[in-house]
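Asker: Here you go, one structure.
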Amino acid sequence: MSSIKIRASAKDGVTTVKCLISHPMETGTRKNSKTGQMIPAHFIQEVVCTHNGKTVLTGNWGTAISKNPYLSFKFKGGAVGDKIGISWVDNKGEKDADETKVS
Amino acid sequence: MTSMKRRIFLKGTLATGALGIAAGSGLLAPRAVLAAWAKEAFEAKDLNSALNSLLGSSTLSASDKIKIKAPDIAENGAVVPVSISTDLPGVESINIVVEKNPTPLAANFVLGPGALAEVSTRIKMGKSSSVLAVIKAGGKLYSTGKEVKVTIGGCGG
């Protein structure tokens with residue numbers, strides 16, 4: 001299952017995109033309470049949002065983005081049926097991508 | 001109003017400097033860092049060096065054309081919703097900075113063609129701090145801040 005949930009809707013020539021990503025977003029400063037070991041940093045560094053293949057928004061994130069990140073943004077244009085793509089890469093090189101259609 | 005906020009901001013900057021040294025050791029150690037990702041800026045312990053490294057300047061002009069929406073009191077610092085929007089023309093990037101976080105820079109959004117200057121996300125806050133929206137528009141930096149009180153920190157364990 002994809003780690004990304006996307007909703008996109010167009011209204012009056014503006015498309016609103018909302019997405020939720022499942023990711024632990026570990027800062028690397030927390031300790032495991034049982035073992036006392038530091039939990040290594042594991043967080044999304046880059047999020048790319050595209051509209052019909054063209055990049056609309058690039059997000060560069062630090063560790064201060066909450067666990068299971070939420071992101072919403074708007075762009076001009078976009079019509080029902082257009083493709084909205086979201087992809088992310090984290091500091092361990094893991095990545096995921098998903099796309100949806102504007103409704 | 002705006003000059004008042006700026007004063008708070010300057011004060012906060014000094015405080016962050018001292019905090020940075022205290023929290024210096026063993027913070028971030030990402031192994032595989034991407035070339036595009038501004039490692040230095042995101043790992044910077046104070047606001048000025050984060051902004052200098054990311055945007056090439058730390059000179060902020062207060063602007064009332066930026067709207068930042070965040071709660072006055074956040075019960076849980078691990079999840080603080082923040083929305084930023086602006087009417088400024090020619091916006092290149094929107095940045096979220098939490099002054100008193102161990103690494104103040106939280107996020108940088110680069111707007112592509114057609115993108116409206118309006119972004120919402122959720123951030124972590126270690127303790128009560130001012131959250132700054134820093135907008136790069138026409139090569140200059142503009143900012144507006146909002147004080148958020150945190151009752152439970154989001155960075156500890």
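Asker: Looking at A:28, A:93, which is the one that is at pLDDT below 95, out of contact with any Phe, Trp or Tyr (no Cβ under 7 Å at 6 or more places or on another chain) and under 26 Å from residue B:131 (Cβ atoms)?
Answerer: Unique residue meeting the criteria: A:28.
Asker: Within the range A:76-91, how many residues are facing another protein chain (nearest Cβ under 8 Å), part of a strand (DSSP E or B) and within 16 Å of the chain's Cα centre (by Cα)?
Answerer: Count: 1.
Residues checked against (1) of a type in the set (Gly, Ala, Ser); (2) under 21 Å from residue A:58 (Cβ atoms); (3) touching a residue at least 12 places away in the same chain (Cβ under 8 Å):
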site: B:53; (1), (2), (3): yes, yes, yes
site: B:65; (1), (2), (3): no, no, yes
site: B:77; (1), (2), (3): yes, no, yes
site: B:84; (1), (2), (3): no, yes, yes
site: B:91; (1), (2), (3): no, yes, yes
site: B:94; (1), (2), (3): no, yes, yes
site: B:100; (1), (2), (3): no, no, yes
site: B:108; (1), (2), (3): no, yes, yes
site: B:111; (1), (2), (3): no, yes, yes
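Asker: Still on this structure: So, of the residues in the range A:3-31 that are among the polar types (S, T, N, Q) and away from chain B (no Cβ under 11 Å), which turns out to be surrounded by the most Cβ atoms within 10 Å (Cβ to Cβ)? It would help to see each step written out before you state the result.
Answerer: Keep residues of the range A:3-31 that are among the polar types (S, T, N, Q), which gives A:3, A:9, A:15-16, A:22, A:27, A:29.
Within this subset, residues satisfying the condition of being away from chain B (no Cβ under 11 Å) are A:3, A:9, A:22.
Values: A:3: 17, A:9: 13, A:22: 14.
Filtering the range A:3-31 for residues that are among the polar types (S, T, N, Q) and away from chain B (no Cβ under 11 Å), the one surrounded by the most Cβ atoms within 10 Å (Cβ to Cβ) comes out as A:3.
Asker: Of everything in the range B:108-129 that's more than 16 Å from residue B:67 (Cα to Cα) and among the polar types (S, T, N, Q), which residue is farthest from the other protein chains (Cβ to nearest Cβ)?
Answerer: Restricting to residues being more than 16 Å from residue B:67 (Cα to Cα) and among the polar types (S, T, N, Q), the top hit is B:128.
Asker: Considering only residues of the range A:64-74 that are surrounded by fewer than 23 Cβ atoms within 10 Å (Cβ to Cβ) and assigned to a strand (DSSP E or B), which is farthest from the chain's Cα centre (by Cα)?
Answerer: Once the filter is applied, the top-ranked residue is A:74.
Asker: From B:132, B:105, which residue is within 11 Å of chain A (Cβ to nearest Cβ) and under 10 Å from the mean Cα position of the chain (by Cα)?
Answerer: B:105
Asker: Out of contact with any Gly (no Cβ under 8 Å at 6 or more places or on another chain) and modelled with pLDDT under 90: which single residue out of B:35, B:50, B:41, B:29 fits that description? Steps first, answer last, please.
Answerer: Working: B:50 fails: modelled with pLDDT under 90; B:41 fails: modelled with pLDDT under 90; B:29 fails: out of contact with any Gly (no Cβ under 8 Å at 6 or more places or on another chain).
B:35 is the lone residue from the list that is out of contact with any Gly (no Cβ under 8 Å at 6 or more places or on another chain) and modelled with pLDDT under 90.
Asker: Kindly check whether there is at least one residue in the range B:79-101 that is over 27 Å from residue A:54 (Cα atoms), surrounded by fewer than 24 Cβ atoms within 10 Å (Cβ to Cβ) and out of contact with any strand residue (DSSP E or B) (no Cβ under 7 Å at 6 or more places or on another chain).
Answerer: So far as the range B:79-101 goes, no, none of its residues is over 27 Å from residue A:54 (Cα atoms), surrounded by fewer than 24 Cβ atoms within 10 Å (Cβ to Cβ) and out of contact with any strand residue (DSSP E or B) (no Cβ under 7 Å at 6 or more places or on another chain).
Asker: Scanning the range A:32-46 for residues that are at the interface with chain B (Cβ under 10 Å from one of its Cβ atoms) and either in contact with a Leu (Cβ under 8 Å, 6 or more places away or on another chain) or not in a strand (DSSP E or B) (or both), which turns out surrounded by the most Cβ atoms within 10 Å (Cβ to Cβ)?
Answerer: The residue in question is A:45.
Asker: Determine, yes or no, whether residue B:86 is more than 12 Å from every other protein chain (Cβ to nearest Cβ) and at pLDDT 95 or above.
Answerer: Values: more than 12 Å from every other protein chain (Cβ to nearest Cβ): yes; at pLDDT 95 or above: yes.
The answer is yes for residue B:86.
Asker: Condition first: out of contact with any Phe, Trp or Tyr (no Cβ under 9 Å at 6 or more places or on another chain), facing chain B (nearest Cβ under 8 Å) and at pLDDT below 95. Can you find one or more residues in the range A:66-75 that meet it?
Answerer: no
The values are calculated or read from the model by the stated rules, or taken from the named source; none is laboratory data. Keep in mind it's a predicted model, so treat the numbers as computed, not measured. As a convention, Cβ positions derive from the backbone with ideal geometry for all residues, glycine included, and neighbour counts pool all protein chains shown.
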